[in-house]
Amino acid sequence: MLEDSHYYFQKAADVLNLPGRLREILWIPIRTVKVDLVIDDDDGKLQHYQGYRVQHNKARGPMKGGLRYHPDMDEDHAAALANLMTWKTAIVDIPFGGAKGGINCDPLTMSENELNKVTRRFVEQTKEIIGPTIDIPAPDVNTNPKIMGWIMDEYSKYAGFSPAVVTGKPLELFGSEGRDEATGRGVMVVLDEALKDRGKSWQDVRVAVHGFGNVGSNAARLIAQQGAKIVAVADHLGGVSNDEGLDVEALGLWVAEHRSVKGFPGGAAFNGPEVIMWDTDVLIPAALENAITEDNVDEVRADIIIEGANGPTTPVAHEVLVKRGVLVVPDILANAGGVTVSYFEWAQNIQQFRWKKERVDEELTHKMRKAYAAVRDVAEKENIDMRIAAFVLGIRRVGKAATSRSYIPEKIKL
Ligand code: NAD
């Protein structure tokens with residue numbers, strides 16, 4: 001995955017004529033930490049997990065990025081995702097750098113007690129390198145508000161009351177209105193912009209969604225509210241389709257109870273991976289990376305793709321889609337709604353002042369539309385696709401901050 005990010009980084013750096021030394025400074029993470037997390041499991045057996053935190057760049061502010069709990073989590077994933085966070089925070093113009101981390105555990109097979117222990121061990125081992133003005137974690141795959149609340153509680157034991165150390169917390173524990181659905185809402189807003197660009201209206205479009213967790217379910221619900229039809233949804237266990245449009249609210253209730261869309265009675269079952277090739281206008285990959293690859297890209301039928309997930313498209317597939325004229329709104333723009341409302345949450349925590357949901361939604365919508373327009377402007381001006389344009393915008397803003405902070409003789413084409 002790191003290789004994929006590097007490919008896009010280099011392409012954008014070429015557009016910017018970025019000198020070699022500056023490429024190195026902007027590419028290499030400033031700190032990579034790996035910690036051993038030992039807990040007694042519920043059977044009294046000793047279990048070891050590896051925890052990671054990669055802090056990529058802090059030129060534009062404290063570092064920010066999610067925590068992922070997944071058996072595949074490793075240094076490469078953390079580094080690639082941290083890198084994306086640096087450009088993402090710059091694209092939506094919030095005062096943060098980029099970081100990412102996680103633990104190589106499988107929450108689906110762990111009890112809440114074990115998850116609580118492993119989370120607290122992680123904080124204990126990383127407390128010197130996280131903090132409200134240093135690095136602020138947030139939810140990602142398989143982590144949620146409850147886990148963020150444990151992080152705040154554990155960190156506050158060492159540092160005193162510190163709600164701003166982590167975002168995505170429960171509302172009753174200094175979380176923000178609208179944070180839970182923020183990434184999905186951002187996806188809906190950029191889709192609105194993309195539809196305008198393609199001269200389509202909400203009523204015209206059929207949408208397929210890959211992944212029905214935080215991002216996929218909220219995006220599907222908000223998109224259905226605009227009047228589009230969600231015709232196919234898939235997750236790690238299977239898919240469900242309905243040509244007339246799935247009842248997304250009912251599907252959400254089903255998943256809350258059964259932990260998968262599989263078996264939902266309001267549609268027909270299909271083999272999950274087929275959702276990528278579904279006959280729709282819009283495809284929203286919102287699961288994990290490498291969903292659209294050289295193996296299936298020729299069969300992708302949607303002509304708008306909004307990347308809710310991080311890194312869902314491989315570089316080979318990306319080139320094919322660009323050549324075919326598919327409008328791909330890239331992850332570092334499309335899923336930036338989450339980190340944007342995380343920023344609002346952090347600001348509320350620091351001020352000890354709570355915003356109403358209407359304000360959160362309005363400011364999020366404004367930020368997403370502005371970022372979309374800025375990326376599209378770069379794409380048009382440089383005659384490049386939206387993904388490379390997003391990288392160009394992000395690298396340019398971070399590069400400007402980095403070169404203004406210290407003496408770096410290289411100049412960036414601005
Ligand atoms: P989540 O854990 O809430 O949900 C993940 C979903 O993906 C689940 O429905 C799961 O069943 C599905 N899934 C997992 N493996 C799959 C597979 N092999 N095939 C099909 N489906 C599969 O996670 P999330 O927070 O919704 O994150 C999803 C993606 O969005 C990730 O790439 C994440 O990095 C990115 N993202 C999340 C946020 C956020 O605020 N949560 C913000 C930005 C980006």
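Taking the criterion of being touching a strand residue (DSSP E or B) at 6+ places or on another chain (Cβ under 7 Å) and over 22 Å from Gly65 (Cβ atoms), the residues of the stretch 323-333 that qualify are Val326, Leu327, Val328.
In the set Leu237, Leu191, only one residue is farther than 20 Å from Val328 by Cα and under 24 Å from the mean Cα position of the chain (by Cα); that residue is Leu237.
For Leu246, the stated conditions do not hold, so it cannot be described as under 13 Å from Asp192 (Cα atoms), more than 7 Å from the ligand (Cβ to nearest atom) and crowded, with 18+ Cβ neighbours inside 10 Å. What residue, of Ala256, Ala219, Ala208, is within 13 Å of the ligand (Cβ to nearest atom), under 24 Å from Gly338 (Cβ atoms) and in contact with a Gly (Cβ under 7 Å, 6 or more places away or on another chain)? Result: Ala219 is the single residue among Ala256, Ala219, Ala208 that is within 13 Å of the ligand (Cβ to nearest atom), under 24 Å from Gly338 (Cβ atoms) and in contact with a Gly (Cβ under 7 Å, 6 or more places away or on another chain).
Tell me yes or no: at least one residue of the stretch 22-44 is of a type in the set (Gly, Ala, Ser) and assigned to a loop (DSSP other than H, G, I, E, B). Yes, the stretch 22-44 has at least one match.
Among the residues of the stretch 254-275, those that are out of contact with any Asp or Glu (no Cβ under 6 Å at 6 or more places or on another chain) and of a type outside the set (A, V, I, L, M, F, W, C) comprise Glu257, His258, Arg259, Lys262, Gly263, Pro265, Gly267, Asn271, Gly272, Pro273, Glu274. Using the structure shown, decide if Glu112 is farther than 22 Å from His77 by Cβ and either touching a residue at least 40 places away in the same chain (Cβ under 8 Å) or touching a helix residue (DSSP H, G or I) at 6+ places or on another chain (Cβ under 7 Å) (or both). Answer is no for this residue. Of all residues in the stretch 323-349, those that are touching a residue at least 60 places away in the same chain (Cβ under 8 Å) have Cβ atoms under 7 Å from Cβ atoms of residues that are aromatic (Phe, Trp, Tyr) and away from the ligand (no atom under 12 Å from the Cβ), 6 or more apart or on another chain, in Ile332/Trp87; Leu333/Tyr372; Tyr343/Phe96; Phe344/Trp355; Gln348/Trp355; Asn349/Phe174.
Among the residues of the stretch 283-304, is there at least one that is modelled with pLDDT of 95 or more, near the ligand (Cβ under 9 Å from one of its atoms), touching an Asp or Glu at 6+ places or on another chain (Cβ under 8 Å) and not basic (Lys, Arg)? Yes, that holds for at least one residue.
The values are calculated or read from the model by the stated rules, or taken from the named source; none is laboratory data. Being a predicted model, the structure only gives us computed values, none of them experimental. Neighbour counts are summed over all protein chains in view; Cβ atoms, including those assigned to glycine, are modelled from backbone coordinates with ideal geometry.
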